[in-house]
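**Q** Could you have a look at this structure, given as structure tokens, before my questions?
The values are calculated or read from the model by the stated rules, or taken from the named source; none is laboratory data. Because the structure is a prediction, the values reported are computed rather than measured. Here the Cβ is made from the backbone with ideal geometry for all residues, glycine too, and neighbour counts use every protein chain on show. Note: areas computed on protein heavy atoms with side chains; ligands, DNA, RNA excluded. Shrake-Rupley method; radii C 1.70, N 1.55, O 1.52, S 1.80 Å.
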Amino acid sequence: SSGTVIIAENMTLQNGCAKQGGAIYLAGKGVLSFEKGGRFENNVARENGAVIATSDDFRGGFTGIGFYMAGNAVDPWTAESATIYIAAFVPELDDEGVEEDEPQVQFGLSNGTLANNRSGGIRVERENYASGLLNMTIAFNDGIGLSLEGIPVDPDVALDEQGPTTHILHSVVVGNEGACDGTALVEEETTRPTAARIEYVITDDLGCVN
């Protein structure tokens, strides 16, 4: 579906249970916005996204400010479990048998807390997304704090004209089973111009090399 859904200030979403997205499941072209004071507690997903999950063809976005996510879980838990989960894109074929281009997902989160969840923090499996994380606390979760897939370099555009589409600023990622994972944050590929931009972020994981 399309359109915008706004979760008003100081709302609480708790005790939800679903296959994907214990509290919220995003599909289609929709846009979600949750305002300050939102609390997401004791929600459970059976596959992934203890609080939020997207479909594999989601082409919308979401924003959140001043929120609190705690006590949520993915059950059964796996190393890939996350509190916020953006699924990998699965392309469909057009009438001529050509795969459709991957649509971009956009999300921005600020002044939020993800803590003490039976799942990791944020996991992005998409390869086409733009995101900003500002003044975030991701702490003491049972999984990786941030797992972000890298944005491929466009071979048709000069390297000096490409830059990061993910910005992580003034945040704390500590006490998780690991702070960083994924090619946007670690491994040799972070030397590419599209790697995530990380500045003024406190972590306890030497794996956050960027």
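**Q** What number of residues within the stretch 141-165 are more than 19 Å from residue 49 (Cβ to Cβ) and not charged (D, E, K, R)? Don't jump to the end; show me each part of the working.
**A** Going through the stretch 141-165, the residues more than 19 Å from residue 49 (Cβ to Cβ) turn out to be 150-165.
When the remaining residues are screened for being not charged (D, E, K, R), the result is 150-153, 155, 157-159, 162-165.
Qualifying residue count, the stretch 141-165: 12.
**Q** If I filter the stretch 43-55 for residues that are open to solvent by 40 Å² or more (accessible area, probe 1.4 Å) and part of a loop (DSSP other than H, G, I, E, B), do I get at least one hit? If you could, list the steps in order and put the result at the bottom.
**A** Initial filter on the stretch 43-55 (open to solvent by 40 Å² or more (accessible area, probe 1.4 Å)): 44, 46-47.
Pick out the ones that are also part of a loop (DSSP other than H, G, I, E, B) and you get none.
Checked the stretch 43-55: no residue is open to solvent by 40 Å² or more (accessible area, probe 1.4 Å) and part of a loop (DSSP other than H, G, I, E, B).
**Q** Could we say that residue 179 is modelled with pLDDT under 90, of a type in the set (Gly, Ala, Ser), crowded, with 20+ Cβ neighbours inside 10 Å and under 17 Å from the mean Cα position of the chain (by Cα) here?
**A** Working: modelled with pLDDT under 90: no; of a type in the set (Gly, Ala, Ser): yes; crowded, with 20+ Cβ neighbours inside 10 Å: yes; under 17 Å from the mean Cα position of the chain (by Cα): yes.
No: the conditions fail for residue 179.
**Q** Quick one: in the stretch 56-71, which of the residues that are open to solvent by 60 Å² or more (accessible area, probe 1.4 Å) and assigned to a strand (DSSP E or B) is nearest to residue 177 (Cα to Cα)?
**A** Ranking the qualifying residues of the stretch 56-71, first place goes to 68.
**Q** Out of the residues in the stretch 96-136 meeting the condition of being open to solvent by less than 50 Å² (accessible area, probe 1.4 Å) and part of a loop (DSSP other than H, G, I, E, B), tell me which one is nearest to residue 42 (Cα to Cα).
**A** Among those residues, the one meeting the criterion is 117.
**Q** Can residue 151 be described as under 23 Å from residue 37 (Cβ atoms) and touching a residue at least 24 places away in the same chain (Cβ under 8 Å)?
**A** no
**Q** So which of 173, 209, 186 is modelled with pLDDT under 90, crowded, with 16+ Cβ neighbours inside 10 Å and among the β-branched types (Val, Ile, Thr)?
**A** Values: 173 fails: modelled with pLDDT under 90; 209 fails: crowded, with 16+ Cβ neighbours inside 10 Å.
So the residue among 173, 209, 186 that is modelled with pLDDT under 90, crowded, with 16+ Cβ neighbours inside 10 Å and among the β-branched types (Val, Ile, Thr) is 186.
**Q** Here is a further query. Tell me, yes or no, whether the stretch 149-166 has at least one residue that is open to solvent by 40 Å² or more (accessible area, probe 1.4 Å), modelled with pLDDT of 95 or more and outside any strand (DSSP E or B).
**A** Looking through the stretch 149-166, none of the residues is open to solvent by 40 Å² or more (accessible area, probe 1.4 Å), modelled with pLDDT of 95 or more and outside any strand (DSSP E or B).
**Q** The conditions are (1) in contact with a Phe, Trp or Tyr (Cβ under 6 Å, 6 or more places away or on another chain); (2) in a strand (DSSP E or B), and residue 33 fails exactly one of them. Which is it?
**A** So the condition that residue 33 fails would be (1).
**Q** May I pose another question? Among the numbered criteria (1) surrounded by 15 or more Cβ atoms within 10 Å (Cβ to Cβ); (2) assigned to a loop (DSSP other than H, G, I, E, B); (3) among the β-branched types (Val, Ile, Thr), which one does residue 90 miss?
**A** (1)
**Q** Filter the stretch 72-86 for residues that are touching a Gly at 6+ places or on another chain (Cβ under 9 Å) and open to solvent by 10 Å² or more (accessible area, probe 1.4 Å) and give the result.
**A** Step one: list which residues in the stretch 72-86 are touching a Gly at 6+ places or on another chain (Cβ under 9 Å), which gives 72-74, 77-86.
73, 77, 78, 79, 80, 85 - these are the residues of the stretch 72-86 that are touching a Gly at 6+ places or on another chain (Cβ under 9 Å) and open to solvent by 10 Å² or more (accessible area, probe 1.4 Å).
**Q** Now for a different question. Just checking, which of 202, 198 is at pLDDT 85 or above, at negative phi, open to solvent by less than 70 Å² (accessible area, probe 1.4 Å) and not in a loop (DSSP other than H, G, I, E, B)?
**A** On the way: 202 fails: open to solvent by less than 70 Å² (accessible area, probe 1.4 Å).
Matching residue, one of 202, 198: 198.
Rundown of residues vs (1) among the charged types (D, E, K, R); (2) free of Cβ contacts under 8 Å to residues at least 12 places away in the same chain; (3) closer than 18 Å to residue 5 by Cβ, yes/no style:
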residue	(1), (2), (3)
20	no, no, yes
42	no, no, no
45	no, no, no
52	no, no, yes
59	yes, no, yes
79	no, no, no
87	no, no, no
91	no, yes, no
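**Q** Could I ask something else about it? Please specify each residue of the stretch 23-36 satisfying the condition of being open to solvent by 30 Å² or more (accessible area, probe 1.4 Å) and within 15 Å of residue 7 (Cα to Cα). Give the steps one after another, and end with the answer.
**A** Step one: filter the stretch 23-36 for residues open to solvent by 30 Å² or more (accessible area, probe 1.4 Å), giving 23, 25, 27, 29, 31, 35-36.
Hits for the stretch 23-36 are 23, 25, 31, 35, 36.
**Q** Does residue 65 satisfy the condition of being within 13 Å of residue 26 (Cβ to Cβ) and among the hydrophobic types (A, V, I, L, M, F, W, C)? Please lay out each step first, then the result.
**A** Details: within 13 Å of residue 26 (Cβ to Cβ): no; among the hydrophobic types (A, V, I, L, M, F, W, C): yes.
When the stated conditions are applied, residue 65 does not pass them.
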